[in-house]
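Worksheet: one structure, shown below.
The values are calculated or read from the model by the stated rules, or taken from the named source; none is laboratory data. Just so you know, these numbers come straight off a predicted model, no measurement behind them. So basically every Cβ, Gly included, is an ideal-geometry build from the backbone, and we count neighbours across all protein chains shown. Protein only, heavy atoms only, side chains kept; ligands, DNA and RNA dropped before computing areas. Shrake-Rupley method; radii C 1.70, N 1.55, O 1.52, S 1.80 Å.
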Amino acid sequence: MALQSRGAPSAAAAEPDEVTLREFTASDAEAFMSWASDPRVARFQRRDAFTHVDQARRYITDHVLPHPWYRAICLVGSDGVVGRPWVGPRRRLEAVADVENPASQRVLEKAGFVRDSVLRKYIMLKGRPRDMVMFSIVVHTDRRRQQNEPRGVRRQALIY
Amino acid sequence: MKKEKQVDRPAATGPSAVNVTLRRFELSDVEAMMAWASDPQVAAFCRWDPYESTAPLLAYLRDTVLPHPWFRAICLPGDGENGRPVGAISVMPAGDPKRAELGYVLARAHWGKGVATAAVKRTVATVFSEVPGLERVEALVDVANPASQRVLEKAGFTREAVLRKYCFIKGKVKDRVMFSFIDTDPLVE
């Protein structure tokens, strides 16, 4: 999954913006569209790009709000939502990224995920089976390792 | 996920040394199933606890096995088409239309003879044409079960990854080894 930044042009510097996570609300539908309608983002997702904000409203109501853990990524100093990670059970977090999506793979690596391996024909994406790189972060083991990293490598939003 | 633990024996070389047949289960197989379902050594690597009576096993057979999309009895030659099963092998849809998870279990009396390997080979030779749309069969084996890992390797599966803390079984967090066989992989004779 690709993470898109919607910060000011100067935010393209080496030092990343700090992000915060919060729960979504129905009023985030317009912001949701900023990535959900982008074919470059939807390329690595199961669903096609949204074409109308009503689709985003329905998706938030039917899928996001009832989800056990689904958060909006917000840039500090901005009220806007720029993306969303979600996580499942808390002992092991895993994420898969398309083998042809190195940017998303780097997001996970920089966030402290460990690259497990390539799983062949693992996920069906828009009618085609895709090879996916499996990443995982295991609570306790990997967090100890993270605390020993130089400050510049650590990231606030360590989950996908 | 059902897995067996085999005693270390020299692997058979060349063509599969064992011929097995796979058939659908029937309710009358419950007594034969007890041979492995009641065995603590068999259950050790599985999610379930050993069965102590046939009544709950009959309910499992009736409610889970018979309606299952792909669940087969492993039978040995000489027992005829409706011979007594010595184990079970199943392929379960796994969260994606093209993917399914393989599981197998074998009575301890038949460990170490290539029976599980023959059953897995027979399964991957037929399941892709029997389950519409299936392209990937995967199997998750305990890291501490090398015998079951060898079954999959001998049957032509690819060892893909160790998935850390992947599942919680009987009060313990387990690492699993992920194996896969995709529809374009070559069959092993």
(message) Being free of Cβ contacts under 8 Å to residues at least 60 places away in the same chain and within 17 Å of B:Arg159 (Cβ to Cβ) is the filter here; which residues of segment B:103-138 pass it?
(response) B:Val120, B:Arg136, B:Val137, B:Glu138
(request) Of the numbered conditions (1) out of contact with any Ser or Thr (no Cβ under 7 Å at 6 or more places or on another chain); (2) basic (Lys, Arg); (3) in contact (Cβ under 8 Å) with a residue 24 or more places away in the chain, B:Lys154 fails exactly one; give the number of that condition. (result) (1)
(request) Could you please find all residues in segment A:109-138 being more than 7 Å from every other protein chain (Cβ to nearest Cβ) and of a type in the set (D, E, K, R)? (result) A:Glu109, A:Lys110, A:Arg115, A:Lys126, A:Arg128, A:Arg130, A:Asp131
(message) Being basic (Lys, Arg) and assigned to a loop (DSSP other than H, G, I, E, B) narrows it down to one residue among B:Arg72, B:Arg47; which is it?
(response) B:Arg47
(request) Could you list, in sequence order, all residues of segment A:7-47 that are part of a helix (DSSP H, G or I), open to solvent by 50 Å² or more (accessible area, probe 1.4 Å) and at pLDDT 85 or above? (result) A:Ala26, A:Ser27, A:Glu30, A:Pro39, A:Arg40
(message) Is it the case, given these coordinates, that B:Asp96 is open to solvent by 40 Å² or more (accessible area, probe 1.4 Å) and at the interface with another protein chain (Cβ under 9 Å from one of its Cβ atoms)?
(response) no
(request) Take segment B:41-89 and flag every residue that is over 26 Å from B:Val124 (Cβ atoms), without any contact (Cβ under 8 Å) to a residue 24 or more places away in the chain and either aliphatic (A, V, I, L, M) or open to solvent by less than 30 Å² (accessible area, probe 1.4 Å) (or both). (result) B:Ala55, B:Ala59
(request) Test A:Arg91 against the stated conditions and say whether it is closer than 23 Å to A:Phe135 by Cα, surrounded by 12 or more Cβ atoms within 10 Å (Cβ to Cβ) and at pLDDT below 90. (result) yes
(message) Can you find, within segment B:146-189, the residue that is farthest from the chain's Cα centre (by Cα) among those that are closer than 19 Å to A:Asp116 by Cβ and more than 13 Å from every other protein chain (Cβ to nearest Cβ)?
(response) B:Glu153
(request) Among the numbered conditions (1) open to solvent by less than 60 Å² (accessible area, probe 1.4 Å); (2) touching a Leu at 6+ places or on another chain (Cβ under 8 Å); (3) away from every other protein chain (no Cβ under 11 Å); (4) not in a loop (DSSP other than H, G, I, E, B), tell me where B:Ala118 comes up short. (result) (2)
(message) So for segment B:88-99 (the condition being β-branched (Val, Ile, Thr) and within 21 Å of A:Leu119 (Cα to Cα)), does at least one residue qualify?
(response) yes
(request) Please specify each residue of segment B:122-151 satisfying the condition of being among the acidic types (Asp, Glu) and more than 15 Å from B:Phe71 (Cα to Cα). (result) B:Glu135, B:Glu138, B:Asp142
